[in-house]
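Have a look at the structure below before the remarks.
Computed from the coordinates by the stated procedures, all read-outs in this text should not be read as laboratory data. Nothing here was measured: the structure is a model prediction, and the numbers come from that model. Every residue, glycine as well, gets a Cβ built from its backbone with ideal geometry; the counts of neighbours run over all protein chains shown.
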Amino acid sequence: MLAIMAMSVFSFVPNFANADFQSQGTWVRMNGYITQWNTTDGNSTRTFGWIIANAAIVNKNGTTHEWATAYATWSDILRAYPMGEHALGDVNVSDMIMGNFSYTFSFYTARLLNVSDLSFNKTETGHDFYLAGIWNVTQRTETINITWSDPTTNVPWGDHMRQITITWTDTPVAINANGILVADWGSPYGWVGKFVLSIDGVGTLSGFAWKSIIWTRELNICDLSERGKVDINDLVKVAKHYGEAPGFGNYDPSLDVNGEGQIGIGDLTTIAANIQG
């Protein structure tokens, strides 16, 4: 039975369209690849994973407002896509042809709960991007079960129908832990740089990051194609990857807008709630 996470709907961008309000601000979207994990016990582990952060500092009628979302997913299994066609792990290909097989994949997720400090001013913090707050970190062990229909016929491989189910267990690693995410953009173009995420009780994650800065217009995290508004195309894009999670060859972490570790009903309802006319 496909595990579905609890549905949650968020509207991520305040409406400043009213003529009584005047707002100016900076919106930043940061995406990155996690390559290194230095744990609290002093070990350094090569990892593969992703980090995504969206943040804004907005001045509305003289009052400064800050908001941010951030989440990271990583594993010490160094195959970027364990279920990809070129990285099947320990799965026996003959078992696949006979019909059924399963794959177990373990990874970690870190999710920002609350923002305590946010800055895009390097003079203030020594970094181009500075985000401090409270985080939850969880280890997830996921079992992916795949069943191919009618496996004994001579139907071409791509024509077989497959059914995918996922079960998982979550183990808390750090709850309500203090964490700081910093990033510095590279030169000469200023788009690609490095990041460090430090969380109490977890250690330090680091890797490469790139940014997208948007001036004078709101950044909605559901605007996946960065066209300036959320529309049906964003909803369709997520629907095509419904049910996918880390461990799938086609998993795209940017489509997991809620940062819950699987592209599911919560992501669809969140994007639907943010569609603009």
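Exposure proxy check: SER198, SER116 ranked by fewest other beta carbons within 10 Å?
Arranged by neighbour count, lowest to highest, SER198, SER116 become SER116, SER198.
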Straight distance only, please: which lysines reach the Cα of LYS122 with their own Cα at less than 24 Å, same-chain residues fewer than 8 apart left out?
LYS60, LYS194, LYS211
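Net charge within 13 Å of ASP252 by Cβ-Cβ distance, Lys/Arg positive one each and Asp/Glu negative one each, not counting ASP252 itself?
So the surrounding residues net to -2.
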Once the dipole of segment 221-277 is set up with Lys and Arg at +1 and Asp and Glu at -1 on Cβ about the Cα centre, which of GLY247, ILE275, GLY259 lies farthest towards its positive end?
ILE275
Can you put ARG111, ARG46 in order, fewest other beta carbons within 10 Å first?
ARG46, ARG111
Along each principal axis of its Cα atoms, how long is segment 221-277 end to end? Whole angstroms, biggest number first, please.
35, 18, 16
Quick one: order LYS122, LYS229 by neighbouring beta-carbon count within 10 Å, fewest to most.
LYS122, LYS229
